[in-house]
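Okay, structure first, notes after.
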Amino acid sequence: MKFRFSGTLLRFVDYRKEIAVEDAATVGSALQSLVSQYPSLRGALFDADSKVRSTHRIVLNGEVLGREHTDRALFEHDRLEILTAIAGG
Amino acid sequence: MPRLHQSEIGLDTGMFSVHQMHPEVALRLGISVGLGGLGRQGRGLQSMITSHGTALVVVRAEVAYLRPLTFFSATSIITESHVSLRDDGNLLTFHIRHSLAGEELIAARVATRPVAVSGGPALDAVPAPANGNVRALFDHDEIVPRKAAPTRYLKAQVQRWVMDAEQVGEGTQPLLIGRNDCELADQWLYARLPSLVATAREQLLFDGAADLSVCLSRPITRFQGEFFRPMYFGDHGQIEVKLYRRGEQTSAVHRVLGERPPDGSDEERPLCALAVETF
């Protein structure tokens, strides 16, 4: 599967707009794999309870997932986008 | 009387075209003076973000050129700014005035929406009215009723204006948001909008729409912009430009469109901003 990035999180993933993650069975495991690869992303993406911050939206193939839906299964050609509503800079 | 912030601003050639102060500069200077003044009063944007979890996102910006001002008019001008907070806490507006010898030359307004930052390093946020701590930073006479400060109205205004105007040109230009077009969080900077759309309009003229040279030979009398969605560093968007003439007045109406959705078409690009230049 592939992550697609834009916006304010881009700087935490070395400005790579697409990142492939292999062998991730669920959305949650893909996110964990991603933050292992880009450690500075962890604090930007997750809150103190290790949940995706409410300011970000996880979108799976165009479908917006709730923060609690990180157990959704992933398949080879899935695309996950992480969108940020707005930044307060 | 709302608290007024004032600074003397030295003029350099880069602030001006041959006709006037660039709209981007008129906006940037005004906000800079306004925020500097708020900071001196212990209510700076930095402490609003770090102590109160509130940041500001611009939803509307406008510049009105009232009297001529060129680089050779003076060595410096006076820039003044005061703020107003809508009583529902949803709109904080900077009222800006650039003047010379007591005469107002350029008026500008920047309306911002308070947002609640998550506390993360990305400065990610969600819209939220100014909280009690932030509201307490503003004096009674800086609070204005909701009806005195509408959030957005440009779409409706444009629809009315173009009804009896003649469309005299149109085109679409690509847009890349570079880092210098962005603020601290890599989100596009409101003040860049006048420059981004002006370049798109100028490209249309250089592409052969010679009868539209009025847009280069006359100063802008008014710039208005409204923001609907953010764009970010690295986004590839489009600017749709339509030029209209009504009597002696020419206007360029710009629709700034964001990135095409994955597997989507250009028609699915979201509207991120609307801007009107009036000549």
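Out of B:R86, B:R109, B:R146, B:R97, which single residue is surrounded by fewer than 18 Cβ atoms within 10 Å (Cβ to Cβ), more than 14 Å from chain A (Cβ to nearest Cβ) and of a type in the set (K, R)? Before you say what the answer is, go through the steps one by one.
Details: B:R86 fails: surrounded by fewer than 18 Cβ atoms within 10 Å (Cβ to Cβ); B:R109 fails: surrounded by fewer than 18 Cβ atoms within 10 Å (Cβ to Cβ); B:R97 fails: surrounded by fewer than 18 Cβ atoms within 10 Å (Cβ to Cβ).
Result of the check over B:R86, B:R109, B:R146, B:R97: B:R146.
Hand me the list of strands (runs of 3 or more DSSP E) wholly inside the range A:35-89 holding 2 or more residues that are touching a residue at least 24 places away in the same chain (Cβ under 8 Å). Quick ask: steps written out before the conclusion?
Working: elements: A:56-60, A:63-65, A:79-84.
Of the strands (runs of 3 or more DSSP E) lying wholly inside the range A:35-89, those with at least 2 residues that are touching a residue at least 24 places away in the same chain (Cβ under 8 Å) span A:56-60, A:79-84.
Failed condition for B:E259, given (1) of a type in the set (D, E); (2) assigned to a loop (DSSP other than H, G, I, E, B); (3) away from chain A (no Cβ under 14 Å), with all others met?
For B:E259, the failing item is (3).
Please work out which residue is surrounded by the fewest Cβ atoms within 10 Å (Cβ to Cβ), limiting yourself to the range B:151-208 and to residues that are acidic (D, E) and in a helix (DSSP H, G or I). Give the derivation first.
Initial filter on the range B:151-208 (acidic (D, E)): B:164, B:166, B:170, B:181, B:183, B:186, B:202, B:207.
Now drop any that are not in a helix (DSSP H, G or I), which leaves B:181, B:202.
Values: B:D181: 21, B:E202: 16.
That would be B:E202.
Among the candidates B:L274, B:L257, which residue alone is closer than 14 Å to B:P194 by Cα, aliphatic (A, V, I, L, M) and in the same structural domain as B:T199 (by TED's automatic domain parsing)?
Numbers: B:L257 fails: closer than 14 Å to B:P194 by Cα.
Selected residue: B:L274, the only one of B:L274, B:L257 that is closer than 14 Å to B:P194 by Cα, aliphatic (A, V, I, L, M) and in the same structural domain as B:T199 (by TED's automatic domain parsing).
I need the full set of residues from the range B:225-238 which are touching a Pro at 6+ places or on another chain (Cβ under 8 Å) and away from chain A (no Cβ under 14 Å), in order please.
Answer for the range B:225-238, where residues must be touching a Pro at 6+ places or on another chain (Cβ under 8 Å) and away from chain A (no Cβ under 14 Å): B:G225, B:Q238.
With the structure loaded, tell me whether B:L45 is over 19 Å from the mean Cα position of the chain (by Cα) and assigned by TED's automatic domain parsing to the domain that holds B:N133 or whether it fails that test.
On the way: over 19 Å from the mean Cα position of the chain (by Cα): no; assigned by TED's automatic domain parsing to the domain that holds B:N133: yes.
No.
Condition (residue is outside the structural domain of B:A26 (by TED's automatic domain parsing), assigned to a loop (DSSP other than H, G, I, E, B), under 30 Å from A:H77 (Cβ atoms) and touching a residue at least 60 places away in the same chain (Cβ under 8 Å)) applied to the range B:223-234: is it met by at least one residue? First the steps, then the outcome.
Our first condition is that a residue be outside the structural domain of B:A26 (by TED's automatic domain parsing); within the range B:223-234, this holds for B:223-234.
Cutting the leftovers down to assigned to a loop (DSSP other than H, G, I, E, B) gives us B:228-231, B:233-234.
After this cut, where a residue has to be under 30 Å from A:H77 (Cβ atoms) as well, the list is B:229-231, B:233-234.
When the remaining residues are screened for being touching a residue at least 60 places away in the same chain (Cβ under 8 Å), the result is B:230.
Within the range B:223-234, one or more residues are outside the structural domain of B:A26 (by TED's automatic domain parsing), assigned to a loop (DSSP other than H, G, I, E, B), under 30 Å from A:H77 (Cβ atoms) and touching a residue at least 60 places away in the same chain (Cβ under 8 Å).
For the range B:24-38, indicate whether the set of residues that are aliphatic (A, V, I, L, M), farther than 13 Å from B:F94 by Cβ and more than 20 Å from the chain's Cα centre (by Cα) is non-empty.
Residues of the range B:24-38 aliphatic (A, V, I, L, M): B:25-27, B:29, B:31, B:33, B:35, B:38.
Still in the list and also farther than 13 Å from B:F94 by Cβ: B:25.
Retained after the next criterion (residues that are more than 20 Å from the chain's Cα centre (by Cα)): none.
No, the range B:24-38 contains no residue that is aliphatic (A, V, I, L, M), farther than 13 Å from B:F94 by Cβ and more than 20 Å from the chain's Cα centre (by Cα).
Need pairs with beta-carbon distance below 6 Å; first residue of a type in the set (D, E, K, R) and within the range B:260-279, second in a strand (DSSP E or B); sequence gap 6+ or separate chains.
Note: pairs meeting the criteria are B:R269/B:L257; B:E277/B:F223; B:E277/B:A252.
Could you list, ordered by first residue, the pairs with Cβ atoms under 7 Å in which the first is in the range B:120-142 and under 19 Å from B:V58 (Cβ atoms) and the second is exposed (fewer than 14 other Cβ atoms within 10 Å of the Cβ) and of a type in the set (A, V, I, L, M), at least 6 apart or interchain?
Listed pairs, sorted by first residue: B:L123/B:L184.
Of the numbered conditions (1) modelled with pLDDT under 95; (2) surrounded by 15 or more Cβ atoms within 10 Å (Cβ to Cβ); (3) part of a loop (DSSP other than H, G, I, E, B), B:H19 fails exactly one; give the number of that condition.
Here B:H19 meets the rest and fails (1).
When you go through (1) out of contact with any Ser or Thr (no Cβ under 9 Å at 6 or more places or on another chain); (2) crowded, with 19+ Cβ neighbours inside 10 Å; (3) not aromatic (F, W, Y) one by one for B:L212, which number turns out not to apply?
Evaluating B:L212 over (1) out of contact with any Ser or Thr (no Cβ under 9 Å at 6 or more places or on another chain); (2) crowded, with 19+ Cβ neighbours inside 10 Å; (3) not aromatic (F, W, Y) leaves (1) as the failure.
Determine whether the range B:32-46 contains at least one residue that is in contact (Cβ under 8 Å) with a residue 60 or more places away in the chain, surrounded by fewer than 21 Cβ atoms within 10 Å (Cβ to Cβ) and within 21 Å of B:R222 (Cβ to Cβ).
Among the residues of the range B:32-46, not one is in contact (Cβ under 8 Å) with a residue 60 or more places away in the chain, surrounded by fewer than 21 Cβ atoms within 10 Å (Cβ to Cβ) and within 21 Å of B:R222 (Cβ to Cβ), which makes the answer no.
The values are calculated or read from the model by the stated rules, or taken from the named source; none is laboratory data. None of the values given here were measured: they were computed from a predicted structure. Virtual Cβ from ideal backbone geometry, glycine too; neighbours counted across all protein chains shown.
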